[in-house]
Amino acid sequence: MERFTLGFVISSLEEAGSIILGIVLVVVLLQVIAYVVLHHGLKARLALPLTLLVPAAVGLAVLTGYPLLYNVWLAFTNMSLQHISPHVDPDFGVGQFIANIRRVFTRPVLHSEHFFPVFGRTVAYTALQVTFHVSIGLFLAMCLNRRMKLRGIYRTLILIPWAIPQIVAVLTWRTEFHFQYGFVNILLRNFGHSGFFWLSDRMTNWIAFNLVNIWLGVPFMSVILLGGLQSIDPNYYEAAEIDGATWRQRFRNITLPMIRPVLTPAAILGWIWTFNMFNVPYFINARNFESSDILVTALFRAAFEYNRYGFAAAFSIVVFVILLIFTVFYVKISGLELTKKASQKMK
Amino acid sequence: MSSSHQVISHGSPLSPPTRRELIARHGFFNWFFRTARGDAPYQRVLIHLVLIAACVITVYPLTRILSVSLRPGDALLSTTMEVIPENATFAAYYNVIVQREFLIWIWNSIIVALSGSFIGVAIAATGAYAFSRWDFPLKVPALIFLLCTQMIPAPMMVVPIYIIAANLGILNSWIGIIVAYSVQSTPFSIWILKGYYDTVPYELEQQAMVDGSSHLGAFYRIILPLSTPALAIAFLFNFTQAWNDWVLARVMLTNDLYYTWPLGVNRLQGQFTTLWSEFYAASFMISIPVLALFLASSRFLISGLTLGSVKD
């Protein structure tokens with residue numbers, strides 16, 4: 001049992017401090033070298049901006065670019081735990097890659113679950129979640145978007161699920177889905193129902209994690225959409241009301257088109273975050289049911305519970321490409337412009 | 001939302017009629033259901049009810065955390081629903097702080113998250129400035145690449161980072177995880193900061209440069225101070241990512257001395273037949289400061305997160 005002592009604090013401060021100092025020194029050194037080379041050596045016109053970009057570029061290259069390339073390399077190997085210690089080079093080759101990809105689609109990705117059921121569940125779950133987040137979020141935002149008493153308090157309280165650290169929220173829900181002592185079932189018993197096996201039944205476990213994810217996702221969406229609603233000029237509604245438009249017409253012809261600039265990016269972000277959500281499906285799934293896994297958690301299990309790194313790398317590429325295709329498709333049909341225009345030109 | 005469009009005629013333009021006068025004039029029923037300048041009273045009641053229900057759903061788990069954490073040892077597994085249990089006690093808090101490594105976990109999390117986000121924001125602040133003020137080859141592809149990195153599922157990065165770190169022998173140390181945390185939010189920070197810098201007129205720097213400042217000097221003395229809100233958002237975002245991370249920490253840190261709180265709380269919860277109150281006490285202590293910080297800065301934070309994408 002470790003103790004929280006002054007000695008411990010000092011030693012960890014020393015370690016962290018020397019790391020920060022080291023990183024800062026490396027960054028400054030990199031920038032000086034880059035500037036000298038670009039400005040004095042190459043006489044480059046863009047010496048300054050390129051120098052400013054160097055730390056981010058190097059950091060991303062080392063910690064995003066290199067791991068990504070390494071991941072691709074891994075997909076071409078049969079790397080597994082036995083190749084890490086003792087260090088033995090795994091087999092490498094296009095044949096391995098093809099075998100890995102084939103394994104993703106034809107063999108179980110986990111113990112017995114195949115790729116396509118997991119994929120179908122992931123898409124269903126993501127679509128369901130985004131629909132709920134947006135519709136409930138928009139409903140609550142419209143309730144809040146008026147002059148009323150207690151509005152600030154409602155807004156703050158509704159945001160609580162977003163503000164609680166996610167691990168705490170998810171582990172709490174997992175505990176509260178306990179059959180006998182969790183409040184969900186206690187509540188159901190008060191209404192005369194005997195309660196569900198939230199953690200030990202496959203179907204209800206799936207429902208349980210969907211409920212938690214709705215609870216987690218709606219607050220953020222509703223506050224974003226509230227911001228969008230507040231930017232609508234109330235004169236539009238007044239004019240429509242004078243013209244005798246029903247609330248349904250006002251909603252369809254004023255509210256929806258006016259909040260589209262907020263709704264579209266929020267929905268796309270929500271789609272990506274939901275698709276990549278790890279904590280909720282992983283932790284609510286206390287019995288490790290493969291039937292409650294979505295692609296991202298299946299990926300984690302394939303890598304760190306089955307230790308098939310080469311296979312997991314190929315699997316992760318497949319997952320990433322799927323998400324990329326979905327997102328590009330979504331961005332295209334929603335007509336969102338990602339980069340408006342080039343920034344102001346400098347002489 | 002109103003379906004009726006009667007407008008109440010005001011008695012005098014200077015003082016609008018009070019609620020009592022309106023009820024007297026129209027009768028309670030008509031007043032409650034038919035008057036519709038803005039929302040009719042019954043709609044307001046409905047809306048308040050809906051919002052109260054929503055608040056109960058969002059708040060209840062938090063009160064539940066508090067109430068279970070206060071339970072005395074012999075009532076851990078009771079099925080009562082009271083918020084403040086009988087014989088409430090802080091024993092679980094005492095146990096978690098004194099007998100478990102709770103303080104170590106919190107301390108480790110603070111160190112890792114602070115150093116990671118400090119480095120991350122520093123790197124992003126200069127990089128975003130270059131993106132905002134200059135055009136250079138491959139700029140748009142680079143921005144799109146940054147956006148695409150946000151779509152990478154966490155486990156996809158964790159596999160190669162784990163193997164690389166294992167081969168470098170930096171699994172149980174601060175260096176690996178701090179560097180990883182500092183870079184993981186850089187793309188998002190660059191987008192936020194670029195969006196914000198774009199709203200700062202370029203004339204400000206030109207003015208400073210006319211007055212004899214160097215370009216870099218203008219950036220540090222004018223643009224950075226002006227961008228404090230965006231820097232704060234980026235810092236907070238970096239901090240939360242690192243503070244709440246479980247996946248990377250789980251893979252990189254196995255030594256108890258390096259445990260961050262998500263790993264520690266997960267372990268407390270794992271032994272859950274006996275430790276409910278301790279797990280909840282730890283959760284409550286972790287949640288309250290974060291909750292206060294987030295709710296206080298929410299307006300600012302949420303508008304900031306969508307700034308880059310929404311702003312023209």
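Computed from the coordinates by the stated procedures, all read-outs in this text should not be read as laboratory data. From a predicted model like this one, the values you see are computed outputs, not experimental measurements. Every residue, glycine among them, receives a Cβ derived from its backbone with ideal geometry; neighbour counts consider all protein chains shown.
Take peptide B:50-63, look around each residue's Cβ out to 10 angstrom, count Cβ atoms belonging to other protein chains, and average those counts.
The mean count of partner-chain Cβ atoms within 10 Å per residue comes to 6.
By count of other Cβ within 10 Å, fewest leading, how are B:203, B:278 ordered?
Lowest count first: B:203, B:278.
Hey, what do the phi angles of region A:155-161 turn into as Karplus ³J(HN,Hα) couplings, whole Hz, using 6.51/-1.76/1.60 and θ = phi - 60°, x for Gly and Pro?
Taking θ as phi minus 60°, the curve returns 4, 5, 5, 5, 7, 4, x Hz for region A:155-161.
Within 10 Å of each Cβ in peptide A:9-19, how many partner chain Cβ atoms are there on average? Round it to a whole number, please.
4
Tell me, what HN-Hα J-couplings in whole Hz come from the Karplus equation 6.51 cos²θ - 1.76 cosθ + 1.60 at θ = phi - 60° for each residue of region A:164-175, using x for Gly and Pro?
5, x, 4, 4, 4, 4, 5, 5, 5, 4, 4, 5
What are the semi-axes of the equivalent ellipsoid of the protein assembly as shown, taken as the square roots of 5 times the eigenvalues of the Cα gyration tensor, listed largest first and rounded to whole Å?
Its equivalent ellipsoid spans semi-axes of 42, 36, 26 Å.
Hey, what's the per residue convex hull volume over the C-alpha atoms of region B:81-149, in cubic angstrom?
That works out to 171 Å³ per residue.
Does region A:7-106 come out rounded, prolate or oblate by the C-alpha gyration tensor, with a ≥ b ≥ c the root eigenvalues, rounded set by a/c under 1.5 and, if not, prolate when a/b is larger than b/c and oblate if not?
In terms of gyration-tensor shape, oblate.
How much FRET efficiency would the formula 1/(1 + (r/R0)^6) give for residue A:200 and residue B:138, where r is the Cβ-Cβ distance and R0 is 41 Å, rounded to 0.05?
FRET efficiency, residue A:200 to residue B:138: 0.20.
Considering the options A:244, A:223, A:274, tell which one lies farthest towards the positive end of the dipole of region A:220-276, charges being +1 on Lys and Arg and -1 on Asp and Glu at the Cβ, about the Cα centre.
Projecting each Cα onto the dipole axis, the largest value belongs to A:274.
State to the nearest 20 debye the size of the charge dipole of the protein assembly as shown about its Cα centre, where the only charges are +1 on K and R beta carbons and -1 on D and E beta carbons.
1640
I want to verify a result. In a Gaussian network model of chain B, Cα cutoff 10 Å, which of these has the top mean-square fluctuation: B:73, B:127, B:212?
Answer for the Gaussian network model of chain B: B:212.
Kirkwood-based Rg over Rh for chain B (C-alpha set), two decimals?
1.12
Average partner chain C-beta neighbours within 10 Å, per residue of B:117-124?
Counting other chains' Cβ atoms within 10 Å and averaging over B:117-124 gives 4.
Using DSSP to define loop residues, name the chymotrypsin sites (Phe, Trp or Tyr not before Pro) in region B:90-130 whose beta-carbon has at most 16 other beta-carbon atoms within 10 Å.
Within region B:90-130, the qualifying chymotrypsin sites (Phe, Trp or Tyr not before Pro) (loop, at most 16 other Cβ atoms within 10 Å) are B:90.
Just how large is the dipole of region A:24-151 about the Cα centre, in debye to the nearest 20, putting +1 at every Lys and Arg Cβ and -1 at every Asp and Glu Cβ?
Value, rounded to 20: 900 debye.
Along Cα→Cβ, 7 Å out, is where each label goes; now give me the distance between the ones at residue B:164 and residue A:94 in nm to one decimal.
2.7
For a Förster distance of 30 Å, can you work out the FRET efficiency between the beta-carbons of residue A:45 and residue A:72, rounded to the nearest 0.05?
FRET efficiency, residue A:45 to residue A:72: 0.30.
Which residue fluctuates the most in chain B, going by a Gaussian network model with Cα springs under 10 Å, if the choices are B:29, B:136, B:145?
For chain B, modelled as a Gaussian network with Cα springs under 10 Å, the answer is B:29.
Simple spin-label model, 7 Å along Cα-to-Cβ: residue A:151 to residue A:9 in nm?
According to this spin-label approximation, the distance is 4.6 nm.
With 10 angstrom as the radius, rank B:68, B:247 by how many other C-beta atoms surround their C-beta, starting from the fewest.
With the fewest neighbours first, B:68, B:247 line up as B:247, B:68.
Can you bin every Cα-Cα distance in region A:115-334 into 10 Å intervals starting at zero and give me the percent of pairs per bin, rounded to whole numbers?
7, 27, 30, 21, 11, 3, 0
Would you mind ranking B:55, B:148, A:143 by Cβ crowding within 10 Å, fewest neighbours first?
B:148, B:55, A:143
Counting other Cβ atoms within 10 Å of each Cβ, which trypsin sites (Lys or Arg not before Pro) in region A:232-291 have at most 12 and sit in a DSSP loop?
A:287
With springs only between Cα atoms under 10 Å, which of B:208, B:232, B:122 fluctuates most in a Gaussian network model of chain B?
Looking only at B:208, B:232, B:122, the largest GNM fluctuation is found for B:208.
Show me, for region B:278-283, the HN-Hα J-couplings you get by feeding each phi into the Karplus relation (A = 6.51, B = -1.76, C = 1.60, θ = phi - 60°), rounded to Hz, glycine and proline as x.
5, 4, 6, 4, 4, 4
What is the distance, in nm, between label points placed 7 Å from the Cα along the Cα-to-Cβ direction at residue B:82 and at residue A:238?
Between residue B:82 and residue A:238, the simple spin-label model gives 5.4 nm.
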